[in-house]
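J.: Below is the structure I would like to discuss, written out as structure tokens.
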Amino acid sequence: GNMQLFSVDQQRSQALEAHAASFATFKVPGNENPSTLICFASKATNAGQITSKLHVIELGAQPGKPGFSKKQADLFFPPDFQDDFPVAMQVYIF
């Protein structure tokens with residue numbers, strides 16, 4: 001799948017290879033200002049191998065402040081559901 005991420009502040013867009021995405025606000029320890037995160041799921045075929053991943057990236061990092069470290073994790077689909085892909089995402093931060 002393909003998505004377009006648009007920055008109002010920078011007036012520019014960026015293409016993402018993703019099927020589902022969501023935004024979240026997260027307080028990084030040592031930074032009084034919350035960070036804005038984008039979380040998205042992708043599924044791609046590379047050299048005949050299907051890879052599904054969850055990505056979490058900070059948008060608009062704050063200069064001189066501790067930021068959120070980019071995270072990535074594999075998504076598992078059982079053999080019976082190899083053709084499936086994420087269609088929605090909900091973020092819950094506790």
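J.: Only one residue in 54, 16 is among the hydrophobic types (A, V, I, L, M, F, W, C) and touching a Phe, Trp or Tyr at 6+ places or on another chain (Cβ under 7 Å). Which one?
T.: Working: 54 fails: touching a Phe, Trp or Tyr at 6+ places or on another chain (Cβ under 7 Å).
Every option except 16 fails the conditions.
J.: In addition: Of the conditions (1) in contact with a Cys (Cβ under 6 Å, 6 or more places away or on another chain); (2) within 17 Å of residue 3 (Cα to Cα), residue 91 fails just one. Which one is it?
T.: Only one criterion in (1) in contact with a Cys (Cβ under 6 Å, 6 or more places away or on another chain); (2) within 17 Å of residue 3 (Cα to Cα) is unmet by residue 91, namely (2).
J.: In addition: Answer yes or no: is there a residue in region 26-36 that is within 16 Å of the chain's Cα centre (by Cα), closer than 18 Å to residue 85 by Cβ and at pLDDT 90 or above.
T.: At the first step, the residues of region 26-36 found to be within 16 Å of the chain's Cα centre (by Cα) are 26, 35-36.
Next, from what is left, pick out any that are closer than 18 Å to residue 85 by Cβ: none.
Within region 26-36 (the criterion being within 16 Å of the chain's Cα centre (by Cα), closer than 18 Å to residue 85 by Cβ and at pLDDT 90 or above), the answer is no, since none of the residues qualifies.
J.: Also, I was wondering about something else. Within region 1-25, count every residue that is within 21 Å of residue 81 (Cβ to Cβ) and among the small types (Gly, Ala, Ser). Show your work before the answer.
T.: Quick first cut of region 1-25, residues within 21 Å of residue 81 (Cβ to Cβ) only: 1, 17-21.
Cutting the leftovers down to among the small types (Gly, Ala, Ser) gives us 1, 18, 20-21.
Number of matching residues: 4.
J.: Here's something else I'd like to know. What number of residues in region 1-21 are more than 12 Å from the chain's Cα centre (by Cα) and either aromatic (Phe, Trp, Tyr) or closer than 21 Å to residue 44 by Cβ (or both)?
T.: Number of matching residues: 7.
J.: Inside region 3-31, can you point out the residues that are of a type outside the set (Phe, Trp, Tyr) and without any contact (Cβ under 8 Å) to a residue 12 or more places away in the chain? Spell out the reasoning first.
T.: First, pick out the residues of region 3-31 that are of a type outside the set (Phe, Trp, Tyr): 3-5, 7-22, 24-25, 27-31.
Selection gives 8, 10, 11, 12, 13, 14, 27.
The values are calculated or read from the model by the stated rules, or taken from the named source; none is laboratory data. Small disclaimer: the values here were computed from a predicted structure and weren't measured. FYI the Cβ positions are ideal-geometry reconstructions off the backbone, even for glycines, and counts take in every protein chain you see.
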